[in-house]
Amino acid sequence: MIKKINLNCTIGNTGYGITSLNILKGLYQKNIDLSLFMIGNSAELNYPEEKAVIEELHNKKQLFDYNAPFLKIWHPNDLAYKIGKGHYYALTFFELDTLSMGERHHLNYVDYIFVASKWGKEVLLNNGIKKPIYVAPLGVDLSIFAEKNDIKIKDNYVFSHIGKWEKRKGQDFLIKCFENAFDINDNVELRLLPHNPFLNDQQLSEWLNLVNNSKLKDKIKIYKRLPTQYHLSEFIEQSDCCIFLSRAEGWNNEIPECMALNKPIIATNYSAHTEYCDSNNSFLVDIDELELAYDQKWFYGQGKWAKLGDKEMEQTVDLMRMVYNKNITTNPNGVQTAHKYSWNNTVSIIDETLTNNNSYANSTN
């Protein structure tokens, strides 16, 4: 039996784009016959040869198989568009514990749903999603995020944070924690990689003012957007500890990538990254309660996320001081975790699920 899939996704350097690219490559390497229907335009790629593969699969959509299963990797509120007559699978991400009416309506339209974490599956079940749900954790490209073991010559301890300027990502809380943990005499630095193309000038200024008004502003560096994951790997390599104080996450690709590079992790103990963050591979900030999610841009109280208050501040400050004072710069258990979460594993779960559901059976051979 020839396995065919009509694939609808975006390709590029967003979370969805990176996920889609790696799943596409994995399915292609399994000799699954793909017809690619791209959402938007292709952005920067990691390897030159990826462009040829994408063009090949994109051209095949002209003669797509009507009866092949359809896989859409996209937002949960935009799943109405379907290609072909085969089984409809959606792989999707969400951050809050409550779905909107539109998200529930679109999710209940598809035949089968993939989510990246057990937390995500629980959220769907609690929100009345009736379709079969499968957990397919995402992976790490270990050919890119591979420790170089180079000798790093620097005279300070570097905390790094990766994530676009957004209240959900918690940079407002992180900057306060950094200020409370250290003073001007500490040999420490905070590096932010926060590019967010969706902000207007006023919104960007509000975020930059948090840094400019910090008493430790001279110890905080803001980096511009990086074009490929190779550049991201280099950024992480120059870090001593990677810190992610998210109020909510749909997965957070960057944490396993930092783990793969043997970096200690400080992270909130909530939402999707609890799939792979635990007390053996991360320094966890426990969350006592949730609060309504408001950021006046994406979230207007339609669900809840982690409340970051005084207790969480105290935990974070203690952890930041601890890794700094003890000069903790490695994470062998995190390396093992990153190797467990491979893209090959993600693709195998997708392929096996389609096989078990006889979704390939009606494809034209």
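Which residues in segment 279-296 have a backbone N closer than 16 Å to a point placed 7 Å from the Cα of residue 98 along the Cα-to-Cβ line? Zone members listed by number: 290-296.
If I take every Cα pair under 8 Å that is 6 or more residues apart in segment 168-305, average their sequence separation and divide by the length, what percent do I get for the relative contact order?
Values: 158 pairs, mean separation 27.5, N = 138.
Normalised by residue count, the contact order of segment 168-305 is 20 percent.
Straight distance only, please: which lysines reach the Cα of residue 304 with their own Cα at less than 19 Å, same-chain residues fewer than 8 apart left out? Reachable lysines: 118, 121, 167, 169.
Built from the Cα atoms of the chain, the convex hull projects on average onto 18.0 nm², one quarter of its surface area. Heavy-atom accessible surface of residue 261, to the nearest 10 Å², is about 0 Å², with a 1.4 Å probe and all protein chains retained. By a 1.4 Å probe calculation restricted to protein chains, residue 143 has an accessible surface near 80 Å², given to the nearest 10. In the chain, excluding the sites themselves, the longest stretch lacking any of the chymotrypsin sites (Phe, Trp or Tyr not before Pro) that are in a DSSP loop with at most 15 other Cβ atoms within 10 Å is 110-197. Under 23 Å of direct C-alpha separation, and excluding same-chain neighbours fewer than eight residues apart, residue 4 reaches these lysines: 25, 30, 51, 60, 61, 72, 82, 85, 131. For segment 1-97, what class follows from the C-alpha gyration tensor (a ≥ b ≥ c being the square roots of its eigenvalues): rounded when a/c is under 1.5, otherwise prolate if a/b is larger than b/c, else oblate? Because a/c hits 1.5 or more and a/b fails to exceed b/c, segment 1-97 counts as oblate. One decimal place: the segment residue 180-residue 41 gains 45.7 nm when fully extended, by the rule 0.36 nm per residue minus the C-alpha distance. Local charge for residue 65 was computed over the other residues whose Cβ lies under 10 Å away, with Lys and Arg +1 and Asp and Glu -1, and equals +2. Per-residue Karplus couplings for segment 47-54, computed as 6.51 cos²θ - 1.76 cosθ + 1.60 with θ equal to phi - 60°, are listed in order as 10, x, 5, 5, 4, 5, 5, 5 Hz, Gly and Pro entered as x.
For the chain, modelled as a GNM whose springs connect Cα atoms under 10 angstrom apart, the maximal fluctuation among 326, 60, 25 occurs at 326. Maximal additional length on extending the residue 325-residue 66 stretch stands at 87.1 nm, based on 0.36 nm per residue less the C-alpha distance. The long axis of helix 171-181 is offset from the longest Cα principal axis of the chain by roughly 30 degrees.
Assuming a viscosity of 1.567 mPa s and a temperature of 4 °C, what translational diffusion coefficient in µm² per second does Stokes-Einstein assign to segment 130-216, Rh being the Kirkwood radius over Cα pairs? D = 80 µm²/s.
Scanning residues 5 or more positions from residue 170 or on other chains, those with amide H under 5 Å from its amide H are 247, with H placed 1.01 Å from N in the peptide plane. Between the Cα long axis of helix 343-356 and the first principal axis of the chain there is an angle of about 30°, rounded to the nearest 10. Projecting the Cα atoms of 174, 90, 244 onto the charge dipole of the chain (Cβ charges, centred on the Cα centre) puts 90 farthest toward the positive pole.
For the pair residue 56 and residue 279, label points projected 7 Å from Cα toward Cβ lie 4.9 nm apart.
Here's the picture: a label point sits 7 Å out from the Cα of residue 82 along the beta-carbon direction, and within segment 128-143 the residues with their amide nitrogen under 20 Å of it are 128-134. Taking all Cα pairs closer than 8 Å and separated by 6 or more residues, the relative contact order of the chain comes to 19 percent. Say a paramagnetic label sat at a point 7 Å from the Cα of residue 2, along Cα to Cβ; which residues of segment 47-73 have their backbone N under 20 Å from it? Backbone N within reach: 53-71. Relative to the longest principal axis of the Cα atoms of the chain, helix 15-29 runs at roughly 50 degrees. Mean-square fluctuations from a GNM of the chain, with a 10 angstrom spring cutoff on Cα atoms, peak among 144, 162, 255 at 144.
Each of 168, 321 has its accessible area taken with a 1.4 Å probe; listed largest first, they run 321, 168. Excluding same-chain neighbours fewer than eight residues apart, the lysines reachable from residue 154 by a Cα-Cα span under 17 Å are 219, 221, 263, 326. The phi-based Karplus calculation (6.51 cos²θ - 1.76 cosθ + 1.60; θ = phi - 60°) puts the 3J(HN,Hα) values of segment 182-196 at 9, 10, 5, 8, 6, 8, 9, 9, 10, 10, 10, 10, x, 3, 9 Hz, whole numbers, x for Gly and Pro. Amide H contacts under 5 Å for residue 361: none, restricted to partners 5 or more places along the chain or on a different chain, H placed in the peptide plane at 1.01 Å from N.
The values are calculated or read from the model by the stated rules, or taken from the named source; none is laboratory data. The structure displayed is predicted, hence computed values, not measured ones. Cβ atoms come from the backbone with ideal geometry, glycine included; neighbour counts cover every protein chain shown. All accessible areas refer to the heavy atoms of the entire protein, side chains included, with ligands and DNA or RNA removed. Shrake-Rupley method; radii C 1.70, N 1.55, O 1.52, S 1.80 Å.
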